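Structure first, commentary second.
The values are calculated or read from the model by the stated rules, or taken from the named source; none is laboratory data. Source: prediction; values computed, not measured. So basically every Cβ, Gly included, is an ideal-geometry build from the backbone, and we count neighbours across all protein chains shown. With ligands, DNA and RNA removed, areas are computed over all heavy atoms of the protein, side chains included. Shrake-Rupley method; radii C 1.70, N 1.55, O 1.52, S 1.80 Å.
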Amino acid sequence: MIDTAYVCRPWAYEERKGERYLLIWPDLPMWIVADRELYLFLRLLDGNRDIDEIIVLLQKKIHKRIDVLKKEIKSILPQLINRAIVFRKGEEKRPINQTFEKAKIDNVYIAVTTRCNLNCRMCFNKYNQIPMKEELSTQEIKTFVDQLMSFCEKYANVSISGGEPLIVPEKTFEIAEYLSHKFRYVWIITNGTLVNRKIAKKFRDLGVMAVVSLDGACEKEHDSLRGKGAFKKTIHGIRTFKEEDVYVITNYVIHRNNFRQLDKYFELAKNLHVDEARFVQLKLIGGALENRLEKVYIDEIVDYAYDMFTKHPEYNNLRGRDIFTILGLMCRRSIKQKWCGTGKLTLTLNADGTIFPCASHWSREFAAGNIRKQTFSDIWLNSAVLKNLRKIYSVENVNEKCSQCIVRYWCGGGCRAETYYVTHDMHSPSIECKHIKRAILKMFWILADHPEFGRTKTITYPNIEPHVCWD
């Protein structure tokens, strides 16, 4: 290997901080943060010199012993070759990254009802109200689940949602029990206000996990979105869950009014002994768009979260499925994520049987079909709506700006649903395009020093074999 000539694939982007260099190969996609020694080594890999010659030249620049350099290069070169950054002269092959194309469904949302006991200002389901008599029966949902199985990843996540699913507890738990025999991860998304001891024990006995909406670290902030008295009921629900050893993830929707309370939210979550404290961006969809709630862009969230987690390492045990960690995971994995995955990796079954590409594409122009009229297989494979989304949403096709962006495969074009509902244009760049790019570049630097921010936590829960989600 040492006496062979190698070539470094030209990088498309370079950013320097002190004696370190961020290098990006967007087509692979791949990135590294290199120190001066590695940076100079890569620049010398032009195919005209073997490694021994390069080591001699490198030694003159960095004044390190030849034997030490040889040992370091022998260690790093296979990694560079494996990442397709470096190749033997005359053997260049464009790597085929088909991870996204081959991926199956990994996130399913099943709305058992659209009815809810709250009237939250930012609810994306605001205009998706299905009369009770038109809601799917338990058996219809079970039939859908049976048809769904062969299209899902082994460790797919299935979430039971609404509306508020605990409005119909018998139906919700029957479906949860059915799902728990077929999928490893079953979640019930709830506002927590209807939780009592009997319900909490049912969660525990079934081995399903609770995702509880908690949009403020105090009563005033939470109730301003979800209504007077909601905070106290939700806190009571969380405590009841934990008294029964239920795995609880709290979910905090970040908007301008509660953003600077994120550290207080984590402190509250820690004191409540929850398992994960999730935080996500407000999406300008449904009620959030109508009520003119102010969005906080992702780069600002990354800056704030990074500062918080480094100042408060005790909060790191609560990370898992939050926007900061998920971005870190996407940047670490470096697959060709051609779009957000709507209609390919995700889907939503609405309470009336309609299949939507995801929970955010909720309006009727995105209805892919109805399981009361077609099999799921027919909808998933043949729907004109889904075929169209899969074609035009790819960052390679959606618009010229996305197709030429250096971070396109880490971004995936942002949330396509939010962009559509704000701009009314399916081809428009994300409404936070420049913010996503800055956040991704920032995350590359963060991961170079803190690779743990690109990993989710292991779920340990009764009836579930320990497994690191999305690792």
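Residues in the range 415-430 that are open to solvent by 10 Å² or more (accessible area, probe 1.4 Å) and within 17 Å of Ile323 (Cα to Cα): Cys415, Ser430. Among the residues of the range 5-31, those that are in a strand (DSSP E or B) and open to solvent by 10 Å² or more (accessible area, probe 1.4 Å) comprise Ala5, Val7, Cys8, Tyr13, Glu14, Glu15, Arg16, Lys17, Arg20, Tyr21, Met30, Trp31. The single residue among Leu77, Leu69, Leu57 that is at pLDDT 90 or above and open to solvent by 50 Å² or more (accessible area, probe 1.4 Å) turns out to be Leu57. Would you call Glu174 acidic (Asp, Glu), over 23 Å from the mean Cα position of the chain (by Cα) and under 30 Å from Trp11 (Cα atoms)? Criteria not met by Glu174. Among residues of the range 317-335 being part of a helix (DSSP H, G or I) and in contact with a helix residue (DSSP H, G or I) (Cβ under 6 Å, 6 or more places away or on another chain), the one that is surrounded by the fewest Cβ atoms within 10 Å (Cβ to Cβ) is Arg332. Leu284 satisfies every condition listed in (1) free of Cβ contacts under 8 Å to residues at least 40 places away in the same chain; (2) farther than 16 Å from Thr250 by Cβ except (1). Select from the range 398-418 the residues that are assigned to a helix (DSSP H, G or I) and more than 17 Å from the chain's Cα centre (by Cα) and write down the one among them that is nearest to Ser360 (Cα to Cα). Looking at residues that are assigned to a helix (DSSP H, G or I) and more than 17 Å from the chain's Cα centre (by Cα), I get Cys402. The set of residues in the range 336-366 being outside any loop (DSSP other than H, G, I, E, B) and touching a residue at least 60 places away in the same chain (Cβ under 8 Å) consists of Thr342, Thr346, Leu347, Thr348, Leu349. Looking only at the range 266-289, decide whether some residue is within 20 Å of Ile188 (Cα to Cα), open to solvent by less than 20 Å² (accessible area, probe 1.4 Å) and part of a helix (DSSP H, G or I). Checked the range 266-289: at least one residue is within 20 Å of Ile188 (Cα to Cα), open to solvent by less than 20 Å² (accessible area, probe 1.4 Å) and part of a helix (DSSP H, G or I).
Exactly one residue among Leu194, Leu179 is open to solvent by less than 40 Å² (accessible area, probe 1.4 Å) and not charged (D, E, K, R), and that residue is Leu179. On inspection, Trp470 passes the criterion of being at pLDDT below 95 and in contact with a helix residue (DSSP H, G or I) (Cβ under 7 Å, 6 or more places away or on another chain). Beta carbons closer than 8 Å, at least 6 apart along the sequence or on distinct chains, pair a first residue in the range 205-233 that is free of Cβ contacts under 8 Å to residues at least 40 places away in the same chain and among the charged types (D, E, K, R) with a second that is assigned to a helix (DSSP H, G or I) and open to solvent by less than 20 Å² (accessible area, probe 1.4 Å) for Asp223/Ala230. Mind checking whether some residue in the range 374-384 is within 26 Å of Gln129 (Cα to Cα), part of a helix (DSSP H, G or I) and without any contact (Cβ under 8 Å) to a residue 12 or more places away in the chain? Yes; the residues of the range 374-384 include at least one that is within 26 Å of Gln129 (Cα to Cα), part of a helix (DSSP H, G or I) and without any contact (Cβ under 8 Å) to a residue 12 or more places away in the chain. Just one residue in the set Ala103, Ala5, Ala84 is in contact (Cβ under 8 Å) with a residue 24 or more places away in the chain, touching a strand residue (DSSP E or B) at 6+ places or on another chain (Cβ under 6 Å) and either within 30 Å of Leu179 (Cβ to Cβ) or of a type in the set (Gly, Ala, Ser) (or both); that residue is Ala5.
Filtering the range 157-176 to residues that are among the charged types (D, E, K, R) and open to solvent by 10 Å² or more (accessible area, probe 1.4 Å) leaves Glu170, Lys171, Glu174. Considering only residues in the range 242-257 that are under 23 Å from Ala200 (Cα atoms) and within 25 Å of the chain's Cα centre (by Cα), the one that is surrounded by the fewest Cβ atoms within 10 Å (Cβ to Cβ) turns out to be Asn251.
Considered as a group, the residues in the range 340-353 that are open to solvent by less than 10 Å² (accessible area, probe 1.4 Å) and of a type outside the set (Gly, Ala, Ser) include one that is farthest from the chain's Cα centre (by Cα), and that residue is Asn350. Of the numbered criteria (1) in contact with an Asp or Glu (Cβ under 9 Å, 6 or more places away or on another chain); (2) at positive phi, the one Val33 fails is (2). Being assigned to a loop (DSSP other than H, G, I, E, B) and out of contact with any Pro (no Cβ under 6 Å at 6 or more places or on another chain) is a description that applies to Lys64.
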